[in-house]
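Before any comments, here is the structure.
Bear in mind these aren't lab numbers, they're just calculated from the coordinates by the rules spelled out. Worth saying up front: this structure is predicted, and the values here are computed from it rather than measured. Using ideal geometry, Cβ is built from the backbone for each residue, glycine included, and neighbour counts are taken over all protein chains shown.
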Amino acid sequence: MTSATPTITRRKVQIKFNFERYAYLFMRMSGLALLILAVGHMMIQHVLNSSGNLTLIFVAEQWNSWGWKAYDIFLLLFAIPHGVNGLRNILEDYIHNPGLMKTINIILAIFVVATVIWAAIGISLFDPEAARQAAQGLPS
Amino acid sequence: MSSLILTIRESVRYRGKSGHYSWIAHRLSGLAILGFLVIHVWDTANAHFYPELYAWSLALFKHPLFAVGEIGVMAAVLYHAFNGIRITILDFKPEWWIHQKRSATIVWVLFAVIFIPIGIFMLVEFTSRCGSLGAACWQFPRLSDFTG
């Protein structure tokens with residue numbers, strides 16, 4: 001190794017609103033949140049609990065509390081945009097047609113909004129009593 | 001088609017020194033998680049909208065095919081999480097870029113140390129459950145049994 005160390009220049013400048021900059025920051029910030037939420041979810045639901053004994057009754061018990069509902073809604077809000085933005089980043093590396101990429105971006109944006117709204121409604125309105133009723137008589 | 005093959009071949013060809021394998025693993029694990037996540041989210045919403053359909057999918061996910069997939073998702077989430085921390089730290093700490101190679105190795109070791117015991121635990125749990133079920137373990141649940 002030579003003794004020369006690289007020097008780092010930091011600039012502080014005002015820049016215009018730039019979507020990609022916020023998308024980039026969102027990936028880091030939501031990634032940090034998902035480190036707790038998603039890894040926690042995997043440990044709680046797939047190690048401490050198991051999908052081997054997961055039933056509608058179990059879901060009804062867990063979603064009886066607003067704490068669990070809130071946990072899952074936060075997970076949803078961070079994970080879906082993080083994942084789809086990641087897919088967008090990958091596609092942009094391989095698709096060089098700006099018109100096509102714009103169409104894909106619009107489709108992905110609609111998909112994110114639709115998925116988050118649909119699932120958030122599902123979690124919020126989930127009625128444990130109705131689920132227990134529905135589970136009656138079903139094979140376990 | 002030939003450009004797709006070229007893309008794949010050149011993506012896998014190791015160029016070294018910059019955590020290239022980490023980059024590939026981060027992308028593939030991210031895509032795998034997203035593929036699972038989209039199915040998982042729309043499926044879980046069914047717990048409210050179509051509980052019978054949801055109960056059927058819960059039974060379906062106990063099939064060995066999905067049990068193995070579940071272990072794969074666990075691996076993908078853990079690697080993506082640890083490598084994500086590395087990327088984020090290095091993004092905000094350019095003076096640490098000289099540790100690129102070492103940091104990539106640390107992530108692989110951390111992933112192995114945490115994933116291997118969890119993977120074995122999940123595999124043992126699944127095999128004991130499936131073993132006690134016998135041949136029934138390999139049967140796909142019929143949708144008609146749930147929706148009536």
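Are there any chymotrypsin sites (Phe, Trp or Tyr not before Pro) in the stretch B:12-87 that are in a DSSP loop and have at most 10 other Cβ atoms within 10 Å? List them by number.
In loop regions of the stretch B:12-87 (DSSP not H, G, I, E or B), the sparsely surrounded chymotrypsin sites (Phe, Trp or Tyr not before Pro) are B:Tyr14.
Report the label-to-label distance for A:Glu61 and B:Lys93 in nanometres (one decimal), using points 7 Å from each Cα along the Cα→Cβ vector.
4.3 nm
Near B:Lys93, which lysines are there with a Cα under 21 Å away, not counting those fewer than 8 places off in the same chain?
By straight Cα distance, B:Lys93 reaches A:Lys12, B:Lys17, B:Lys101.
Simple spin-label model, 7 Å along Cα-to-Cβ: B:Phe121 to B:Thr147 in nm?
Once both label points are built, they end up 3.7 nm from each other.
In debye, nearest 20, what is the charge dipole magnitude of chain A about its Cα centre with +1 on Lys and Arg Cβ and -1 on Asp and Glu Cβ, if you could check?
Taking the Cα centre of chain A as origin, the dipole is about 800 debye.
So how far apart, in nm, are the two label points at A:Ser51 and B:Leu60 if each is 7 Å from Cα heading toward Cβ?
Computed distance between label sites A:Ser51 and B:Leu60 equals 1.2 nm.
Taking Cα atoms, how many degrees apart are the long axis of helix B:100-133 and the longest axis of chain B, rounded to 10 and kept between 0 and 90?
That helix lies at roughly 10 degrees to the long axis.
Hey, with R₀ at 25 Å, roughly what FRET efficiency would B:Val109 and A:Asp93 work out to, going by the Cβ-Cβ distance, to 0.05?
My answer for the efficiency is 0.30.
Report the residue, chosen from A:Phe58, A:Phe17, A:Phe26, that carries the largest GNM mean-square fluctuation when chain A is represented by alpha-carbon nodes joined by springs under 10 Å.
Checking each option, the largest mean-square fluctuation is seen for A:Phe17.
Apply the Karplus curve 6.51 cos²θ - 1.76 cosθ + 1.60, θ = phi - 60°, to the phi angles in the stretch A:24-30 and return the couplings in whole Hz, x for Gly and Pro.
Each residue's phi maps through the Karplus curve to give 4, 5, 4, 4, 5, 5, 5 Hz.
Taking the dipole about the Cα centre of chain B, with the C-beta of Lys and Arg at +1 and of Asp and Glu at -1, give me whichever of B:Pro51, B:Cys137, B:Leu123 is farthest to the positive side.
Toward the positive end, the furthest listed residue is B:Leu123.
Across chain A, where is the longest run that never hits trypsin sites (Lys or Arg not before Pro) in a DSSP loop with at most 12 other C-beta atoms within 10 Å?
A:17-140
How far, in degrees from 0 to 90, does helix B:2-12 lean away from the longest principal axis of the Cα atoms of chain B, to the nearest 10?
70 degrees
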